[in-house]
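Below: the structure, in structure tokens.
All of the numbers you see were taken from the coordinates with simple rules; none came from a lab. Computed from a predicted structure; not experimentally measured. As a convention, Cβ positions derive from the backbone with ideal geometry for all residues, glycine included, and neighbour counts pool all protein chains shown.
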Amino acid sequence: MKNIAVFASHNGSGLDAIVEAVNKGILPLNITLVVSNNTEAKVLQKAKDYDLTCKLINAKTHDDPDNALYELLKKHNCEYIFLSGYMKKIPSKLTCNFKTINSHPSLLPKYGGAGMYGRFVHEAVIKNNEKKSGVTIHEVNEHYDEGKIILQKSLEILPDDDVNKLEEKIKNLEKTTIVEGLALCLKSQST
């Protein structure tokens, strides 16, 4: 079984999908760590509720947060990192040593890059009258949202969809896409 850490800056809704899939035996993963850079992140309490080890790491808690993350991941024998709305750029020290996977709420390469996250993505999609949107599960490299795509799932945008409706539809699609994307990633690593 592979060890995974989940990084999140706010709610970490992807953690719920992963925990559920692990508990159902769909993903052969051991969630060894939940990390946030935000003292107010709801994911920290969520991790405690799931009885998972959680850590707060940022520039206020550590002189060298990147190295602290690296040492923590090594200590917990993590092979994978999953980003669930983590709002910090991942340093190459991590992406080169751990398989780092992100879920992005658009069909990359559209609506990716710095500043394109969460609601900002959905606002841009609606503003540009796109007919489709979706979720991309991708590997993380040194550039925002440019890593190798593992899986994309799309949905049609209906004429009466506003930003709120689209956001809700994408969040629902994201739950299953995260699990499928991680399963594909695990399968490709085992062959």
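At-a-glance table
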{"read-out": "Test: residue in segment 124-141 that is in contact (Cβ under 8 Å) with a residue 60 or more places away in the chain and in a loop (DSSP other than H, G, I, E, B)", "value": "no"}
{"read-out": "Unmet requirement for Gly112, which otherwise passes all of (1) surrounded by 13 or more Cβ atoms within 10 Å (Cβ to Cβ); (2) assigned to a loop (DSSP other than H, G, I, E, B); (3) free of Cβ contacts under 8 Å to residues at least 24 places away in the same chain; (4) not β-branched (Val, Ile, Thr)", "value": "(3)"}
{"read-out": "Filtered residues of segment 74-109 (kept if assigned to a helix (DSSP H, G or I) and in contact with a helix residue (DSSP H, G or I) (Cβ under 7 Å, 6 or more places away or on another chain))", "value": "Lys93, Leu94"}
{"read-out": "Of residues in segment 95-109 being over 23 Å from Leu173 (Cα atoms) and more than 15 Å from the chain's Cα centre (by Cα), the one surrounded by the fewest Cβ atoms within 10 Å (Cβ to Cβ)", "value": "Cys96"}
{"read-out": "Residue match in segment 6-24 (condition: of a type outside the set (Lys, Arg) and part of a strand (DSSP E or B))", "value": "yes"}
{"read-out": "Residue selected from segment 158-174 under the condition of a type in the set (Asp, Glu) and in contact (Cβ under 8 Å) with a residue 24 or more places away in the chain, by the criterion surrounded by the most Cβ atoms within 10 Å (Cβ to Cβ)", "value": "Glu174"}
{"read-out": "Scan of segment 25-61 for residues that are part of a strand (DSSP E or B) and in contact with a Cys (Cβ under 9 Å, 6 or more places away or on another chain), ordered by number", "value": "Thr32, Leu33, Val34, Val35, Ser36"}
{"read-out": "Top-ranked residue in segment 20-57 [being among the hydrophobic types (A, V, I, L, M, F, W, C) and under 17 Å from Cys185 (Cα atoms); ranked as farthest from the chain's Cα centre (by Cα)]", "value": "Ile26"}
{"read-out": "Identity of the residue in segment 68-93, among the small types (Gly, Ala, Ser) and in contact (Cβ under 8 Å) with a residue 40 or more places away in the chain, that ends up surrounded by the most Cβ atoms within 10 Å (Cβ to Cβ)", "value": "Ser84"}
{"read-out": "Among (1) touching a helix residue (DSSP H, G or I) at 6+ places or on another chain (Cβ under 9 Å); (2) surrounded by 13 or more Cβ atoms within 10 Å (Cβ to Cβ); (3) not hydrophobic (A, V, I, L, M, F, W, C) - the single one Gly181 does not satisfy", "value": "(1)"}
{"read-out": "Per-region count, segment 88-116, residues out of contact with any Phe, Trp or Tyr (no Cβ under 9 Å at 6 or more places or on another chain), under 28 Å from Asp161 (Cβ atoms) and hydroxyl-bearing (Ser, Thr, Tyr)", "value": "1"}
{"read-out": "Failed item, numbered, when Asp49 is tested on (1) loosely packed, with under 15 Cβ neighbours inside 10 Å; (2) within 30 Å of Leu158 (Cβ to Cβ); (3) of a type in the set (D, E, K, R)", "value": "(2)"}
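Residues are listed down the side, and each one gets a yes or a no for (1) in contact (Cβ under 8 Å) with a residue 24 or more places away in the chain; (2) under 17 Å from Pro91 (Cα atoms); (3) surrounded by 20 or more Cβ atoms within 10 Å (Cβ to Cβ):
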position: Ile31; (1), (2), (3): yes, no, yes
position: Lys42; (1), (2), (3): yes, no, no
position: Thr53; (1), (2), (3): no, no, no
position: Asp63; (1), (2), (3): no, yes, no
position: Asp66; (1), (2), (3): yes, yes, no
